[in-house]
């Protein structure tokens, strides 16, 4: 008995094609950030342009989180959570970076152009 | 269409002993694997898959489903993840893998060997887990971007465990084995 039968090779080819398609569909390269997408529990996702310096308050489950945009970067400056992991994530300036305040339900993801990172965690 | 290597499964107590023996083997592999460090969360070799595929090809889908189900249940009790998110992902993956195996055997059983079944099961397992994790636990699109990595790992490990299963089946295919 051989280790591989004819059908196995067909399945392997189909599986490789499927995995290749998942790369093509879900993967994207990197580059500088152009905009930030803010997801909050109460409202629809909101896009913040990064070319103007702003300070934005986003309502979360616990209260308002403050986002600051400056020099094409975005960061959490305050959030009503314990630990402030989102604030300690610092500035997001590369496409694909994400900072999240999970207790407050606020997620900021920067996007645009070629993405260098899939996701960045600290 | 059952495969050429399949034997008639015993009934009654013989069937129970067969299931218990293979389930014990699968649980041992499951627990050993849980102790291995993983380079990426969610990536495991999935060697217990070898047992499922061997049992499927030798004793049929019914016994394979019992063995896989018992492995998920008893394995989670031993590792301490019973009813935790890990368990839900594990059970969802196992159900998807068994469904894929059933479908593959029904449709293409005549042409498939262990590697084909193993790859089907591995991809179904990983696909279901990613979708479940995304739907239930982390509903953020960033999780889906991990999917290509995870599916590639599933493909590689599926091939590896399929080849192992084929070798085991080859060794078993000799003379009629002693009944457990």
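The values are calculated or read from the model by the stated rules, or taken from the named source; none is laboratory data. These numbers come from a predicted model, not from an experiment. Reconstructed Cβ throughout: ideal geometry from the backbone, glycine too, with neighbour counts over all protein chains shown.
Restricting attention to segment A:56-73, does a residue exist that is part of a strand (DSSP E or B), surrounded by 15 or more Cβ atoms within 10 Å (Cβ to Cβ), more than 14 Å from chain B (Cβ to nearest Cβ) and modelled with pLDDT under 85? The answer is no; no qualifying residue exists. Set side by side, the residues B:155, B:89 differ, and just one is in contact (Cβ under 8 Å) with a residue 24 or more places away in the chain, facing another protein chain (nearest Cβ under 10 Å) and assigned to a helix (DSSP H, G or I), which is B:155. Filter segment A:74-83 for residues that are touching a strand residue (DSSP E or B) at 6+ places or on another chain (Cβ under 8 Å) and either in contact (Cβ under 8 Å) with a residue 24 or more places away in the chain or not in a strand (DSSP E or B) (or both); which is surrounded by the fewest Cβ atoms within 10 Å (Cβ to Cβ)? Result: A:80. If you go through segment B:46-60 and pick out every residue that is more than 9 Å from the chain's Cα centre (by Cα) and surrounded by 19 or more Cβ atoms within 10 Å (Cβ to Cβ), you end up with 6. Residues that are outside any strand (DSSP E or B), closer than 16 Å to residue A:62 by Cβ and touching a strand residue (DSSP E or B) at 6+ places or on another chain (Cβ under 6 Å) within segment A:95-111 comprise just one, A:104. Out of B:106, B:71, one residue alone is more than 18 Å from residue B:162 (Cα to Cα) and surrounded by 24 or more Cβ atoms within 10 Å (Cβ to Cβ). It is B:71. Take residue A:36 and decide whether it is out of contact with any helix residue (DSSP H, G or I) (no Cβ under 7 Å at 6 or more places or on another chain), surrounded by 12 or more Cβ atoms within 10 Å (Cβ to Cβ) and at the interface with chain B (Cβ under 7 Å from one of its Cβ atoms). Against the criterion (out of contact with any helix residue (DSSP H, G or I) (no Cβ under 7 Å at 6 or more places or on another chain), surrounded by 12 or more Cβ atoms within 10 Å (Cβ to Cβ) and at the interface with chain B (Cβ under 7 Å from one of its Cβ atoms)), residue A:36 does not qualify.
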